[in-house]
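The values are calculated or read from the model by the stated rules, or taken from the named source; none is laboratory data. The structure presented is a predicted model; accordingly, all values stated were derived computationally and were not measured. Here the Cβ positions follow ideal geometry from the backbone for every residue, glycine too, while neighbour counts run over all protein chains shown.
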Amino acid sequence: MPTIVLEDGTTFGCDHDDTILRAALRAGLGFPYACNVGSCGNCRFTLEGGSVQHLRADAPAWSDRDRHRGRRLGCQAVPLDDCRIKVRLDPEAASTHRPVRMRGRLTNVVEITHDISEFCFALDGPDDFVPGQYALIEPPGVEGARAYSMCNLPGGGTWCFQIKRVPDGAATGVLFDALAAGDDVSIDGPYGVAYLREDGGRDLLLVAGGSGLSPMISIARAAASGPSFPDREILFFYGGRSPRDICGEEMLAELPGYGELIHYVPAVSEDSDGWSGATGYVHDVVAGALGARLLEMEVYFAGPSAMAQAMQAMLNETGVSPEHMHFDEFY
Ligand SMILES: Cc1cc2nc3c(=O)[nH]c(=O)nc-3n(C[C@H](O)[C@H](O)[C@H](O)COP(=O)(O)OP(=O)(O)OC[C@H]3O[C@@H](n4cnc5c(N)ncnc54)[C@H](O)[C@@H]3O)c2cc1C
Ligand code: FES
C-alpha cells in the first residue's frame, strides 16, 4: 500500500483504489474537504514527490493553473506510489466516525414527490454517522461516486437517502430506473462537516432547497429527540419551484412538539397557481420572515449550488457569523 507523507512527517497508508482524501479521513486526519466529488476545491494539495492519478480529469475544481503548479484534488487523487504532499490540516475536518467502504442492499423505495424518492439500504458495516452527513454511493455502471445525505438516524443498520431525480442524470437514472429491492451498491461513509452540533441550545433554522431535504430532515429528527430540544424551536423552511415540489411536512409532523416548537414554512419560487403559501426564493422568504432573529439562531442549509450560495450571501449580509452556519452545496 502506498504511503503518503505530509510536511510535518505525519504518514498514512492509501490503497491503490482509494483517494488520498478518503484515506486521510479513514486514518483520523483533518484533511480539508466538503463535496468529495471534485467540485468545491477545498481538498486541494500540492504534490511534492511521487505520482498520483486523478479519477476525474474534468473535475470542475481542478484548473489548468492547478495542474501547472502541481496541485491536485485530494478527493480525486489516487496514489500510484509513495507520495509527499503539502496540505494544511484542519481539525474541524477530521471524521466524526471514520469512513468505511461497505455494501448496501436496497430494501425499499418510497415516493415522496413526482421527482423525489427515499431509498433505504441495509449496510454490511457500521451505520454510525452524525445527522447532516452524507455517503458516497456508486450505482452499478456509473462512472464515479455520487454524494447523498442520510435522512434517517443511525442505530438501525440502515442508511436512507431522499434523492431527487435529475433529468438524464447518470446516477439518478440507475437509482430510479434500474435498481430493484435486493440489489446492492458500494457505499462509503460517513462524510461531511455540515452536521448537527451541540450548540448551546440556540433555536435551529433548517433550510432545504429541492434535493436538500434529506440532511435537513435527519437533523430535525435528531434535534427533536436531543437533550436541548424542549428549550428551543426548530424552524424548517423548504423551497421548491411549484406546489407539486413541496414536501417534508409529513415527516416533521411525526416529531414531538410539531406545531408548537417545530414549525414548517414551504415556499414556491416559480409557478404559484393555486398556492396560498409563501412565494419567492427560499433565502428571501427566510430573510423576510426572520430578519434580525437570524443572528440568534444556529443555521443549517442544503440544496443546489445557486440556493446554497444565495443563502450564504443573505446570512453574511445579515451578519450571521460563519461559526453558526453549516451547509452543504449539492453539485
Ligand atoms: C455533499 C453532497 C450531498 C448531496 N446530497 C444529495 C441528496 O441528499 N439528495 C440528492 O438528490 N442529491 C444530493 N446530492 C447531489 C448528487 O450527488 C448528484 O449530483 C445528483 O444526484 C445528480 O447525479 P446524476 O449522476 O444523476 O446526474 P449527472 O448530471 O449525470 O451528474 C451530476 C453530478 O455528478 C458529477 N460527476 C460527473 N461525473 C463524475 C465522475 N466521474 N465522478 C464523480 N462525480 C461525477 C458531476 O460533477 C455532477 O456533480 C449531493 C451532492 C453533494 C456534493
Ligand atoms: S472535496 Fe475535493 S473538490 Fe470538493
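Apart from one condition, Arg88 fits all of (1) within 15 Å of ligand 2 (Cβ to nearest atom); (2) under 14 Å from Gly192 (Cβ atoms); (3) charged (D, E, K, R); the exception is (2). Among the residues of the stretch 142-201, the ones that are among the aromatic types (Phe, Trp, Tyr) and within 16 Å of ligand 2 (Cβ to nearest atom) come to 3 in all. For the stretch 220-258, the set of residues classified as of a type in the set (D, E, K, R) and not in a loop (DSSP other than H, G, I, E, B) consists of Arg221, Asp231, Arg244, Asp245, Glu249, Glu250, listed by residue number. Of all positions in the stretch 42-62, at least one carries a residue that is over 22 Å from the mean Cα position of the chain (by Cα), within 12 Å of ligand 1 (Cβ to nearest atom) and farther than 27 Å from Phe176 by Cβ.
Among residues of the stretch 222-255 being in contact with a Ser or Thr (Cβ under 8 Å, 6 or more places away or on another chain) and not hydrophobic (A, V, I, L, M, F, W, C), the one that is surrounded by the most Cβ atoms within 10 Å (Cβ to Cβ) is Gly239. Restricting Ile219, Ile262 to residues that are more than 16 Å from ligand 2 (Cβ to nearest atom), closer than 28 Å to Trp159 by Cα, in contact (Cβ under 8 Å) with a residue 60 or more places away in the chain and among the β-branched types (Val, Ile, Thr) narrows the list to Ile219.
Looking only at residues of the stretch 111-163 that are among the hydroxyl-bearing types (Ser, Thr, Tyr) and near ligand 1 (Cβ under 8 Å from one of its atoms), we find that the one that is farthest from Ala223 (Cα to Cα) is Tyr148.
Among residues of the stretch 309-321 that are more than 19 Å from Asp199 (Cβ to Cβ), those with a beta-carbon under 6 Å from a residue that is of a type outside the set (Lys, Arg) and assigned to a helix (DSSP H, G or I) at least six positions away or on a different chain give the pairs Ala310/His283; Met314/His283; Met314/Ala287. Has the stretch 209-222 got any residue that is in the same structural domain as Tyr264 (by TED's automatic domain parsing), over 30 Å from Ala27 (Cβ atoms) and either away from ligand 1 (no atom under 16 Å from the Cβ) or among the charged types (D, E, K, R) (or both)? Yes, some residue in the stretch 209-222 is in the same structural domain as Tyr264 (by TED's automatic domain parsing), over 30 Å from Ala27 (Cβ atoms) and either away from ligand 1 (no atom under 16 Å from the Cβ) or among the charged types (D, E, K, R) (or both). Test Phe45 against the stated conditions and say whether it is outside the structural domain of Gly303 (by TED's automatic domain parsing), in contact with a Lys or Arg (Cβ under 9 Å, 6 or more places away or on another chain) and more than 16 Å from ligand 2 (Cβ to nearest atom). In short, no.
Of the strands (runs of 3 or more DSSP E) that lie entirely inside the stretch 42-151, those containing 2 or more residues that are under 30 Å from Ser242 (Cβ atoms) span 100-111, 116-123, 134-138, 146-149.
Checking each residue in the stretch 192-219 for being more than 13 Å from Asp328 (Cβ to Cβ) and either of a type outside the set (Gly, Ala, Ser) or in contact with a Ser or Thr (Cβ under 7 Å, 6 or more places away or on another chain) (or both) picks out Arg197, Glu198, Asp199, Gly201, Arg202, Asp203, Leu204, Leu205, Ile217. Annotation note: Cβ proximity below 8 Å between a residue of the stretch 11-39 that is free of Cβ contacts under 8 Å to residues at least 24 places away in the same chain and charged (D, E, K, R) and a residue that is surrounded by fewer than 19 Cβ atoms within 10 Å (Cβ to Cβ) and assigned to a loop (DSSP other than H, G, I, E, B) (sequence gap 6+ or interchain) occurs for Asp15/Met1.
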